[in-house]
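Below: one structure, written as structure tokens.
The values are calculated or read from the model by the stated rules, or taken from the named source; none is laboratory data. Predicted model only: the values in this text are computed from it and were never measured. Please note: Cβ atoms are built from the backbone with ideal geometry, for glycine as well, and neighbour counts cover all protein chains shown. Ligands, DNA and RNA are stripped out before the accessible areas are found, and what is left, the full protein with its side chains, is counted by its heavy atoms. Shrake-Rupley method; radii C 1.70, N 1.55, O 1.52, S 1.80 Å.
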Amino acid sequence: MAFLADALSRVKPSATIAVTQKARELKNAGRDVIGLGAGEPDFDTPDNIKNAAIEAIRRGETKYPPVSGIVPLREAIAKKFKRENNLDYRPEQTIVGTGGKQILFNAFMATLNPGDEVIIPRPYWVSYPEMVAICGGTPAFADTSIDNGFKLTPAALQKAITPRTKWLLMNSPSNPSGAAYSEAELRALADVLLEHPNVWVLTDDMYEHLIYGDFVFTTIAEVEPKLYERTLTMNGVSKAYAMTGWRIGYAAGPVALIKAMDMIQGQQTSGACTIAQWASVEALNGPQDFIAKNKAIFQARRDLVVSMLNQARGITCPFPEGAFYVYPSCSQLIGKKTKAGKLIDSDEAFCSELLEAEGVAVVFGSAFGLGPNFRISYATSEALLEEACARIQRFTASLT
């Protein structure tokens, strides 16, 4: 009898974490490495949010919290959904978890039986299919392409739905592509979902506030109220509020689902850190003006990176609507060789040789289910981004 669980054979390590760790190791060894793998804002958490955490400590808010979250935070979440998304959720329809990952895990653990399918558009965040597999479900992929902006089309959704489909997992704006769905695009997908009443929707809106230009964010339960009773709307404070390390994610949905997720969390981690929860109350209820300032910085970085990558030989990089990632294609470089004679036969090989030759760490696209591409996180300074893109230009020009 094997000691380790069979479920581990269905799960792969996180490629984004692996790249970040590799870049860290090379830096520690004295290499000049620019790491563009981590999906983490380089801004500090705003002072009012940090001060709210300090005050919570001073008040003695250090005991076990309710499993689903402290009441003030669940109230703040309900107000946020009404204020920003025109969605009416009562506090008891919300749940707080230790980051967005736990919300996803809880939802899948509460609903998936062996053979149940979860439709995941690709490219996808590397953790989505692994979470489904750990929870006993089957990832069912729906392809997108650079030609349609890496967005799921109604036809592709219709094709992916089977009698075993339980969830459609949406992410807008997307990690890794930055693609975001307009109201019209969500409307078209909703029309397909209305034909299949057994399919639920889990929408990951973690990058909601990081959208650029004239793009207007909408979420699917807002666009189609008939989907409200079978939608779990997930969000968190990590990205917009630069609170990745505070580890707070949240969601709202039907009471029965929230109660099931609460039961699982109660036997798993119990409630999220009280100090982080009180900081999140301030994040959601406090001043929001810094979000626009940070967004403007991200947009300038996006414009710089897209422009410079499109000047690199053999690279095609679309303009994403949101998040802080670009997902360029390197298909024209497959089959070429480095100065040392190494063959670039995949996007993974491209990224490996780029790191070796120029010290630029990016994540290969096949890890996100669609290649030959690679993902760059532009959540770092313009100076580093400019240098990294110049190195990429030099590397691609050297291939023969």
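Tabulated results
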{"read-out": "Residue within the range 82-98 that is open to solvent by 50 Å² or more (accessible area, probe 1.4 Å), at pLDDT below 95 and under 26 Å from Ala179 (Cβ atoms) present", "value": "no"}
{"read-out": "Matching residues in the range 307-359 - criterion: being of a type in the set (Val, Ile, Thr), under 23 Å from Glu386 (Cα atoms) and part of a loop (DSSP other than H, G, I, E, B)", "value": "Ile315, Thr338"}
{"read-out": "Conditions (1) open to solvent by less than 10 Å² (accessible area, probe 1.4 Å); (2) modelled with pLDDT under 95: number failed by Glu348", "value": "(1)"}
{"read-out": "Counted residues, the range 305-339 - those being in contact with a helix residue (DSSP H, G or I) (Cβ under 9 Å, 6 or more places away or on another chain) and at positive phi", "value": "2"}
{"read-out": "Complete set of residues in the range 15-34 that are open to solvent by 30 Å² or more (accessible area, probe 1.4 Å) and modelled with pLDDT of 90 or more", "value": "Asp32"}
{"read-out": "Residues satisfying the stated conditions in the range 263-306, i.e. open to solvent by 50 Å² or more (accessible area, probe 1.4 Å) and assigned to a helix (DSSP H, G or I)", "value": "Met263, Trp278, Glu282, Asn285, Asp289, Ala292, Lys293, Lys295, Ala296, Ile297, Gln299, Asp303"}
{"read-out": "Residues that are open to solvent by 10 Å² or more (accessible area, probe 1.4 Å) and outside any loop (DSSP other than H, G, I, E, B), drawn from the range 205-223", "value": "Ile211, Glu222, Val223"}
{"read-out": "Segments classed as helices (runs of 4 or more DSSP H), wholly inside the range 1-101, with at least 2 members that are farther than 30 Å from Arg301 by Cα and out of contact with any Lys or Arg (no Cβ under 6 Å at 6 or more places or on another chain)", "value": "47-58, 71-85"}
{"read-out": "Thr138 vs. criteria open to solvent by 20 Å² or more (accessible area, probe 1.4 Å), hydroxyl-bearing (Ser, Thr, Tyr) and over 20 Å from Ala188 (Cα atoms)", "value": "yes"}
